[in-house]
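Reviewing the structure listed below.
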Amino acid sequence: MTHPRTSPATPGADVEDATSTGSQPDALHAPDAPVGPNAPNKPVGLDAPYATKAPDGPAAPVAPDARTPPAELRGHLTAHLDAEPRAWLHRALDEAADHPGRHGPISVWELRIAEAGRRCGPEHADAARVLILHAARADADALARVYYQGTGAERRAVLHALPHLVHGREGLPLVEDALRTNDTRLLAAAVGPYAARHLDSHQWRHAVLKCLFTGVPVDTVADLDRRAHRDAELARMLAAYAAERTAAGRAVPEDLHRVLTLTDPTATPPAPDADYGARGTDGKES
């Protein structure tokens with residue numbers, strides 16, 4: 001996070017992403033690139049908000065989720081960090097809470113975000129960055145600065161933190177920027193509760209289609225059931241996409257059938273997702 005970037009982040013843009021987004025980023029642009037939940041470029045850990053332990057292996061990464069209260073995320077992360085990185089994280093959070101503003105060209109907590117991968121390891125760095133943003137009580141301007149000057153991993157952290165830290169639509173340009181990329185992990189972070197709350201119908205429909213194009217599981221789309229319910233235009237777009245793929249002899253993603261079912265005007269209206277509004281660092285509504 002040492003220099004501004006004006007172009008969207010792409011897979012492989014930083015070292016931490018190299019193992020998680022695949023070594024062939026152009027595959028997502030190819031006409032015949034596989035799509036759907038079983039696509040080979042599906043990012044590891046996308047569906048799991050917390051670390052889990054394999055029967056005979058180490059703990060899996062603690063993946064941040066915008067629907068997880070910060071206090072809960074911190075508990076899961078510190079439980080899986082070794083003593084040294086855990087101590088570093090606690091110092092970084094205290095530092096961010098004590099000095100949240102900008103001091104000079106860059107704040108102390110922004111430096112900690114940049115070094116989180118080296119200190120906590122790439123498997124835990126995303127969650128650490130989200131917690132630092134919460135501790136610093138980053139506003140829309142600070143989040144935009146971190147996003148546009150950051151790596152793909154730092155941008156993901158900003159997107160995960162948005163619904164807890166920004167009340168209004170000031171953060172929407174960051175979501176829109178992420179939705180223009182083909183970085184599947186960035187896309188998954190972009191379609192969280194903040195997008196569900198602030199994207200207009202046209203933007204939201206295209207975000208859902210983008211997930212289907214790139215193989216991002218629709219489970220990552222916050223409030224999908226409610227927003228897709230009785231959406232005739234979304235149903236038309238999905239049917240057109242399915243017909244196009246069928247005519248080309250390509251498989252139709254299973255997720256497409258699921259979303260198409262949700263648009264059924266005769267279905268029972270779904271219960272809305274919990275309102276993951278802007279929250280304080282303790283996870284309570286501010």
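The values are calculated or read from the model by the stated rules, or taken from the named source; none is laboratory data. Fair warning: this is a prediction, and the values are worked out from it, not measured in the lab. Cβ atoms come from the backbone with ideal geometry, glycine included; neighbour counts cover every protein chain shown. Areas reflect the complete protein model, heavy atoms only, side chains present, ligands, DNA and RNA absent. Shrake-Rupley method; radii C 1.70, N 1.55, O 1.52, S 1.80 Å.
Structure summary
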item: Members of the range 112-138 that are free of Cβ contacts under 8 Å to residues at least 40 places away in the same chain and open to solvent by 40 Å² or more (accessible area, probe 1.4 Å); result: Arg112, Arg118, Arg119
item: Test: residue in the range 149-168 that is surrounded by fewer than 22 Cβ atoms within 10 Å (Cβ to Cβ) and of a type in the set (D, E, K, R); result: no
item: Test: Ala232 is buried (at least 21 other Cβ atoms within 10 Å of the Cβ) and modelled with pLDDT of 95 or more; result: no
item: Any hit, the range 152-161, residues being closer than 21 Å to Gly101 by Cβ, in contact with a helix residue (DSSP H, G or I) (Cβ under 8 Å, 6 or more places away or on another chain) and free of Cβ contacts under 8 Å to residues at least 60 places away in the same chain; result: yes
item: Answer residue from the range 169-187, given it is in a helix (DSSP H, G or I) and of a type in the set (Lys, Arg) and is least open to solvent (accessible area, probe 1.4 Å) among those; result: Arg185
item: Among (1) at pLDDT below 95; (2) open to solvent by less than 80 Å² (accessible area, probe 1.4 Å), the one test that Leu212 misses; result: (1)
